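The values are calculated or read from the model by the stated rules, or taken from the named source; none is laboratory data. Here the structure is a predicted model, which means the values were calculated and not measured. Every residue, glycine as well, gets a Cβ built from its backbone with ideal geometry; the counts of neighbours run over all protein chains shown.
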Amino acid sequence: MRGAPLDVALVVSDSTVRLTGAGVDVSAPHAGVRPGLRNALHDVRLERTRRTDAAVTRDVEPTPGLVSLRRAGELLAESFLPAPVAAALRALLERAVRDFLTLRIGVDAPGLAALPWEALPDPVSAQLLALHPHVVVYRRSTPPAACAP
């Protein structure tokens, strides 16, 4: 990659999501963890357990109908990438591809850290952000305040 990377933060609070950095600062309310997303995540966990067990026993057939991690990512995007945030992310991704830059997305989601943020689909091609050749997704956290002695 050429040039300085585009560094942005995706900050998710209890009620809003904010994309900030690289000349962008947009926020909007999000829908939270809806039942469909909760069910998809449950199915992903079941599939992981099944695959782990299958690796040991090697006699388990795939269970049809389990929701993939891709579907969980799509539902995550529906809940946590409202239109203004998705549009800003799309513009950043298009810029990264056009200018051959790396888009680094730091996800800061206290209270929602168990969600598979790396599975968010990119708003251009719908492939997982974590697999996009111009994107690096990582988790950020705010360090706790130092305690006075």
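Observations on the structure shown:
- The residues in the range 10-56 that are β-branched (Val, Ile, Thr) and in contact (Cβ under 8 Å) with a residue 40 or more places away in the chain can be counted, and the count is 7.
- Residue match in the range 121-135 (condition: closer than 23 Å to ASP7 by Cβ, in contact with a Lys or Arg (Cβ under 7 Å, 6 or more places away or on another chain), modelled with pLDDT of 95 or more and surrounded by fewer than 18 Cβ atoms within 10 Å (Cβ to Cβ)): no
- Residues of the range 78-125 satisfying the condition of being out of contact with any Asp or Glu (no Cβ under 9 Å at 6 or more places or on another chain) and at positive phi: PHE100
- Top-ranked residue of the range 88-109 - restricted to ones that are free of Cβ contacts under 8 Å to residues at least 60 places away in the same chain and either assigned to a strand (DSSP E or B) or under 21 Å from ALA28 (Cβ atoms) (or both), ranked as farthest from the chain's Cα centre (by Cα): GLU94
- Scanning the range 5-32 for residues that are among the small types (Gly, Ala, Ser) and farther than 17 Å from ALA91 by Cα returns SER13, SER15, ALA31, GLY32.
- Per-region count, the range 55-70, residues in a helix (DSSP H, G or I) and either more than 22 Å from VAL107 (Cα to Cα) or at pLDDT 90 or above (or both): 3
- Residue, surrounded by the most Cβ atoms within 10 Å (Cβ to Cβ), within the range 94-118, restricted to residues that are touching a Leu at 6+ places or on another chain (Cβ under 6 Å) and over 18 Å from VAL11 (Cβ atoms): ALA96
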